[in-house]
Amino acid sequence: MQENHPSALFSRGISDEKSGNGWLHAETGSTNLNQFTEMKELRSLLMATDFSADSRYAMNRAGLICSSAGISRGVALHVAETSWLETLKRSVNRSDDIEQQVLHNVMDTLDDAVESTWRHTGIRLESRLVSGKAVDTILEASTDADIIVLGARSHHTFQDMTVGSTPSRVIRRSVKPVLVVRNEAEHAYRKVLVAVDFSGHSLESLQWAAAIEPEAPIYLLHVYHAMFEHKMKYAGIKEDAIEEYRSQARAEAEVEMDRFLSSVSGIREDRLHQMIRHGSHIASILVREIRKTGAELIVVGKHGKTLMEHLLLGSVTLNLLDHAPCDLLVTQ
């Protein structure tokens, strides 16, 4: 079965063929979570590949997610960069013939990758080849997808250093969750870590985590930092007084965690494990806890409750893109 798509150069395949948060301390009662309690349902997935090793990991992960989450439609997209095609046409005679030959070869390569994922996961994604600018085309193609899946590193090393990696640019502009795959996908995620600030956006992150991996244990991690703690040290306040202040901040975080958990529905209670940690360098703490728990996926929200948390979250997300030892899901 083949779907017509207005911007697709080639499109082949049928999906689902099987063979057998900002994390600063939250103010008590500051967020109404009722509007965020609806569980997520994954029906479609877009995976974008540039044929790099990480893209191969991402394609296999997309197949595994389709299988575990019951996704009925998955698309494997390759974007033939317009600038590259134009350079090719200027470089050779009979440019139209050469362009078509190259595109057919690229489509064959894409089909081979899809076939490999089918053998690996039992899921056959739909092949789609489109010309355009990579990020713009991915975002346009994701209109009817519930989630975007990308490899962490691409072939475009110089471009990544100068204008930012494709994942970072897609995350900044996308209104859909973006999964960035770093590691080889051999099985469904066995442990998932979700960073929470007790806001509705954190609840959304939790719901996406549960939708992507319906059975794995989920570790809810909140990082708190007592306000003015460093200034208190500089002011000469004794350490025991600072420790008492810090303990009070932790107690408030524990109350907020209980309130947050009480708002969760549709997820088995035995899957949820709460973790509260103290510190100011959030990304480092997240990376440390990923290693300690053995989490294979970390989920963070793109939006914080305040402008400051939103800005901080952006820096943490970029840090995790570079340093997280596991896959990263950024929710909206």
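Scanning region 177-215 for residues that are among the aliphatic types (A, V, I, L, M) and touching a strand residue (DSSP E or B) at 6+ places or on another chain (Cβ under 6 Å) yields VAL178, LEU179, VAL180, VAL181, VAL192, LEU193, VAL194, ALA195, VAL196, LEU206, ALA209. Within region 255-284, the only residue that satisfies the criterion of being touching a Lys or Arg at 6+ places or on another chain (Cβ under 8 Å) and modelled with pLDDT of 95 or more is ILE276.
Scanning region 291-307 for residues that are of a type outside the set (A, V, I, L, M, F, W, C), at pLDDT 95 or above and not in a loop (DSSP other than H, G, I, E, B) gives ARG291, LYS292, THR293.
Listed here are the residues, each with its yes/no results for (1) surrounded by fewer than 16 Cβ atoms within 10 Å (Cβ to Cβ); (2) under 27 Å from ILE65 (Cβ atoms); (3) modelled with pLDDT under 90.
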position	(1), (2), (3)
LEU85	no, no, yes
ASN93	yes, no, yes
ASP96	yes, no, yes
GLN100	yes, no, yes
VAL106	no, yes, no
ASP111	no, yes, no
VAL114	no, yes, no
ARG128	no, yes, no
LYS133	yes, yes, no
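Applying a threshold of 7 Å to beta carbon distances and a minimum spacing of six or more residues, or different chains, the list of pairs starting in region 172-201 at a residue that is within 19 Å of SER67 (Cα to Cα) and ending at one that is at pLDDT 95 or above and among the basic types (Lys, Arg) reads VAL181/ARG61; ALA185/ARG61.
Take the residues of region 173-200 that are assigned to a loop (DSSP other than H, G, I, E, B) and among the small types (Gly, Ala, Ser): which is nearest to ALA249 (Cα to Cα)? Looking at the filtered set, the residue picked out is SER199.
The values are calculated or read from the model by the stated rules, or taken from the named source; none is laboratory data. Quantities reported herein were computed from a predicted structural model and do not represent experimental measurements. Positions of Cβ are generated from backbone atoms using ideal geometry, with glycine treated the same way; all protein chains shown enter the neighbour counts.
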